[in-house]
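Read the structure below first, then the notes.
The values are calculated or read from the model by the stated rules, or taken from the named source; none is laboratory data. These figures come from a predicted structure and were not determined experimentally. Here the Cβ is made from the backbone with ideal geometry for all residues, glycine too, and neighbour counts use every protein chain on show. Ligands, DNA and RNA are excluded from the accessible area calculation, which covers all protein heavy atoms including side chains. Shrake-Rupley method; radii C 1.70, N 1.55, O 1.52, S 1.80 Å.
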Amino acid sequence: MTKKPAVIRRCYWAENDPLMRVYHDEEWGVPERDSRALWESLMLDGFQAGLSWLTILRKREAFRKAFRSFDPKKVARMGEADIARLLQNESIIRSRAKIESTIHGARIYVAMADAGEDFSTWIWKMAGNKQIQNHGPNPAKTPLSEEISAALKKRGFKFVGPVIVYAWMQACGIVNDHSPNCFRRKTIQQ
């Protein structure tokens, strides 16, 4: 008698697309402490506004190429010629506001670093320096996402409303929002 393979249970949103499954299984909800990676993720979540995450995920490598591997120092030096070039790049989301926001966000990130302020430390401090375990339904925003959103806006970041910020908090593991029956919930929690 052959044994049935174990059923792997995932969060419902990751079931129907192979790229989303890989993203879910390997990245989503894993606590990210690298400042540059957190910033890249925040910028991509800004591009996602009004679109599906799958759209951004499919274009992520093109974004990385277009934005110089999301090296904040390189992106901060981008100017009008770069914006014009990016607006012609069919491989990314060609929104002037979102492109300019990413360049502006890089300048803020660099200014923070130059002042001795680590982006990751700053963000994680607002979360109490530990991952939040959400045991209820996934909300669109929380008081913490509103607080982080306000702090980011005060610094001058754009496309960082509390809903975008909460999605980013889920993605980079500030909050563990894997469903209770998802195989990743307990592994990430540990």
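General remarks:
- The range 113-151, subset hydrophobic (A, V, I, L, M, F, W, C) and in contact with a Leu (Cβ under 8 Å, 6 or more places away or on another chain), residue nearest to S35 (Cα to Cα): F119
Residue-wise test of (1) over 17 Å from A167 (Cα atoms); (2) among the polar types (S, T, N, Q); (3) out of contact with any Lys or Arg (no Cβ under 7 Å at 6 or more places or on another chain).
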| site | (1), (2), (3) |
| --- | --- |
| V22 | yes, no, yes |
| D25 | no, no, no |
| D45 | no, no, yes |
| S52 | no, yes, yes |
| T55 | no, yes, yes |
| K59 | yes, no, yes |
| R68 | yes, no, no |
| V75 | yes, no, no |
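- Pairing residues of the range 67-78 that are at pLDDT 95 or above with residues that are exposed (fewer than 15 other Cβ atoms within 10 Å of the Cβ) and not β-branched (V, I, T), at Cβ distances under 6 Å and at least 6 apart in sequence or on separate chains, gives R68/K74.
- Only one of the listed residues (A37, A49, A106) is under 30 Å from K186 (Cα atoms), open to solvent by less than 60 Å² (accessible area, probe 1.4 Å) and modelled with pLDDT of 95 or more. That residue is A37.
- Candidates R68, R64 - the one that is of a type outside the set (S, T, Y) and on the phi > 0 side of the Ramachandran plot: R68
- Matching entry among I123, I164 (being over 19 Å from W53 (Cβ atoms), of a type in the set (V, I, T) and in contact (Cβ under 8 Å) with a residue 24 or more places away in the chain): I123
- Extreme residue, farthest from E15 (Cα to Cα), among residues of the range 138-148 that are touching a residue at least 12 places away in the same chain (Cβ under 8 Å) and surrounded by fewer than 21 Cβ atoms within 10 Å (Cβ to Cβ): E147
Residues checked against (1) touching a helix residue (DSSP H, G or I) at 6+ places or on another chain (Cβ under 7 Å); (2) in a helix (DSSP H, G or I); (3) of a type in the set (A, V, I, L, M):
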{"residue": "T55", "(1), (2), (3)": "no, yes, no"}
{"residue": "R58", "(1), (2), (3)": "yes, yes, no"}
{"residue": "F63", "(1), (2), (3)": "yes, yes, no"}
{"residue": "K74", "(1), (2), (3)": "yes, yes, no"}
{"residue": "M78", "(1), (2), (3)": "yes, no, yes"}
{"residue": "L86", "(1), (2), (3)": "yes, yes, yes"}
{"residue": "S91", "(1), (2), (3)": "yes, no, no"}
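- Residue match in the range 9-20 (condition: farther than 18 Å from F67 by Cβ, open to solvent by less than 70 Å² (accessible area, probe 1.4 Å) and in contact (Cβ under 8 Å) with a residue 40 or more places away in the chain): yes
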